[in-house]
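Notes follow the structure.
The values are calculated or read from the model by the stated rules, or taken from the named source; none is laboratory data. Since the structure is predicted, the reported quantities are computational estimates derived from the model, not experimental observations. Cβ coordinates were reconstructed from backbone atoms using ideal geometry, including for glycine residues, and neighbour counts include every protein chain displayed.
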Amino acid sequence: MPSVFKKLFQQSFAYAVGTVLNRATNIILVPLYVRHLSKAEYGMLEILLLTSTLTMIVLQLGMGSALMRSVLYKGGGNRQEISSTAHSFLSLFSFTVIVLLMFFSPQLSELLFSSREGTALLRVLFLGDLFLVGATIPMSLMRIDQKVKLFVQISAANFILGVGFTFLFLVYLKRGVMGVLWANTITAGLFALFYLYVNRQEWRPKFSWSELRDMLGFGLPLVPSAMGDLVLQASDRYIIKAYHGFEQLGAYSVGMRLSMVIALAVNAFQMAWPAIFFPMVKDPRANRQFARIFTYYVFAMLGMIVAMALFSHEIILLFATAGYLEAAQFLPLLSLSFLFYGMYYYTSIGLQVEKKTWISALVLLLAAGLNVFLNLALIPGWGLMGAGVAKLLSFMFLGLTIAWISQRYYAIAYEYGRLAKLALLVAAAFAASLLIRGITLEAFLLRLLTLLLLPVLLLLMRFFPHGDLQRLQGLWAQRFRRRRDASGH
């Protein structure tokens, strides 16, 4: 059991580093965006990036996840034949769709921006999407082989080039939104080629209709699921734009980008998890292991969320400017929402193993519908705070519903008592974040004291089992001895 925790932590941390670096131009570069784009331009960029996400969902057809299932869980077959089939089909399909999208870009520009001035922006965006989808199968193969070190190295190089091109086009050439899109597109093209080269041994002139049918049978139900996911996560921004304009959308987008730190942690776990849980699920003892892993997963996520809630004003000032301080009001709600999104993914073990992904798609669509309804009801009157409340409630519905349904297919004895203790302390911390007001040294110290008290209170509440504490003490003692031996003392 400890080896599973260690392996999962190591790979999740590595994927977290790689994922953060891969998405740095949209998150870590927020300070650059808010200083070289107006609020309205930043709102426009947000709409374009959401359009890119929608395009990628359609282009990928869930083939990355389907490939992992075919190779890791289903077993049998020829790996080169499976990967070549997936890559060949995906390349032909995505090229055809991108050509059509470029042809209809003027009409799409009118739909998104009420004019055709965004046509060139959309065409550059779609070109980048074509390059991104070209890396889908190679990246899945790297995850299958658990080449986390190579993934981090490639991600670091991607980050450096992405930052460099963004600085060149946005700061030096002053190309605005178009400059950001060109920076993303050029970076995506270079690394699509590199991913293909790294996995060059996989590509053979082999194609199997039976393998393609099987992968599409698993992957296609993920498409409406992913579409529902996008509506769930993005409808607020389209509705904010409709009711309050691009400037308010720009302010909301800063809060969304900063809360994506939690989403990146969830995503890192997701990337490491399939390669571990698919082999584990065949072990009759896996049930208890899944329960314990989930408890510590929630513990880790809530630790980051509480920190963001307590220091939301300081975080906004660190990454943006005082003109975006209104985002501090809803940043805690957005961050907490992603905990329930991670719960949806983790607790769907039974649905994934039993190939019941259509259920996930249905629940996602219901959650998306709920989110649209809540956004339409709350955003006109409550503005950006209404969007935060709507997102939290709809994400809670998604995570809790999937957890309940999935138990019918693969029951996990979750540690409800320990989870309740976490919920109690998090509620207290959120209350403290509302009571401690102001951006002063005294307020900062009170927030810091609140954060440091939480693990102490968990110890007093006996959240940590005695065996886990002993293992932790043993690990620290072992590390200390190694350092002492290395220093020669």
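Is there a residue in region 142-159 that is buried (at least 21 other Cβ atoms within 10 Å of the Cβ), over 20 Å from the mean Cα position of the chain (by Cα) and within 20 Å of Leu181 (Cα to Cα)? No, that holds for no residue. For region 346-417, the helices (runs of 4 or more DSSP H) that sit wholly inside it and include 2 or more residues that are in contact with a Gly (Cβ under 7 Å, 6 or more places away or on another chain) are 357-382. Which of the residues belonging to region 398-416 are closer than 18 Å to Ala368 by Cα and among the β-branched types (Val, Ile, Thr)? Correct list: Thr401, Ile402, Ile405. Considering region 278-320, and only residues there that are modelled with pLDDT of 85 or more and outside any helix (DSSP H, G or I), the residue that is surrounded by the most Cβ atoms within 10 Å (Cβ to Cβ) turns out to be Ala320.
Scanning region 232-245 for residues that are surrounded by fewer than 21 Cβ atoms within 10 Å (Cβ to Cβ) and either farther than 19 Å from Leu331 by Cα or among the polar types (S, T, N, Q) (or both) gives Ala242, Tyr243, Gly245.
With respect to the stated conditions, Ser210 fails to be small (Gly, Ala, Ser) and within 23 Å of the chain's Cα centre (by Cα). Looking across region 192-230 at every residue that is in contact with a Phe, Trp or Tyr (Cβ under 9 Å, 6 or more places away or on another chain) and among the aliphatic types (A, V, I, L, M), the one that is farthest from Tyr345 (Cα to Cα) is identified as Leu193. Taken together, the residues in region 103-141 that are under 19 Å from Met178 (Cβ atoms) and either among the basic types (Lys, Arg) or not in a helix (DSSP H, G or I) (or both) amount to 6. Would you mind stating whether Leu100 is of a type outside the set (Ser, Thr, Tyr), in a helix (DSSP H, G or I) and buried (at least 20 other Cβ atoms within 10 Å of the Cβ)? Answer is no for this residue. Across region 163-177, the number of residues qualifying as on the phi < 0 side of the Ramachandran plot, surrounded by fewer than 17 Cβ atoms within 10 Å (Cβ to Cβ) and not aromatic (Phe, Trp, Tyr) comes to 5. Could you tell me whether any residue of region 357-378 is out of contact with any Ser or Thr (no Cβ under 8 Å at 6 or more places or on another chain), buried (at least 23 other Cβ atoms within 10 Å of the Cβ) and not assigned by TED's automatic domain parsing to the domain that holds Ser65? No, region 357-378 contains no residue that is out of contact with any Ser or Thr (no Cβ under 8 Å at 6 or more places or on another chain), buried (at least 23 other Cβ atoms within 10 Å of the Cβ) and not assigned by TED's automatic domain parsing to the domain that holds Ser65.
A quick yes/no check of all residues on (1) at pLDDT 90 or above; (2) exposed (fewer than 15 other Cβ atoms within 10 Å of the Cβ); (3) of a type outside the set (Lys, Arg); (4) outside any loop (DSSP other than H, G, I, E, B):
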{"position": "Leu425", "(1), (2), (3), (4)": "yes, no, yes, yes"}
{"position": "Arg437", "(1), (2), (3), (4)": "no, yes, no, no"}
{"position": "Leu448", "(1), (2), (3), (4)": "yes, yes, yes, yes"}
{"position": "Leu452", "(1), (2), (3), (4)": "yes, yes, yes, yes"}
{"position": "Leu459", "(1), (2), (3), (4)": "no, yes, yes, yes"}
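For region 50-83, taking the residues that are over 15 Å from Leu212 (Cβ atoms) and hydrophobic (A, V, I, L, M, F, W, C), the one that is modelled with the lowest pLDDT is identified as Leu72. With respect to Val152, is the statement that it is in a helix (DSSP H, G or I) and farther than 21 Å from Met63 by Cβ true? Here the answer is yes, as Val152 does meet what is asked.
Test Thr19 against the criterion of being in contact with a helix residue (DSSP H, G or I) (Cβ under 6 Å, 6 or more places away or on another chain) and either at pLDDT below 70 or surrounded by 16 or more Cβ atoms within 10 Å (Cβ to Cβ) (or both), and give yes or no. Judged against the criteria, Thr19 is a match. Does Phe93 fit the bill of being closer than 30 Å to Val34 by Cα, touching a helix residue (DSSP H, G or I) at 6+ places or on another chain (Cβ under 9 Å) and either crowded, with 16+ Cβ neighbours inside 10 Å or among the charged types (D, E, K, R) (or both)? Here the answer is no, as Phe93 does not meet what is asked.
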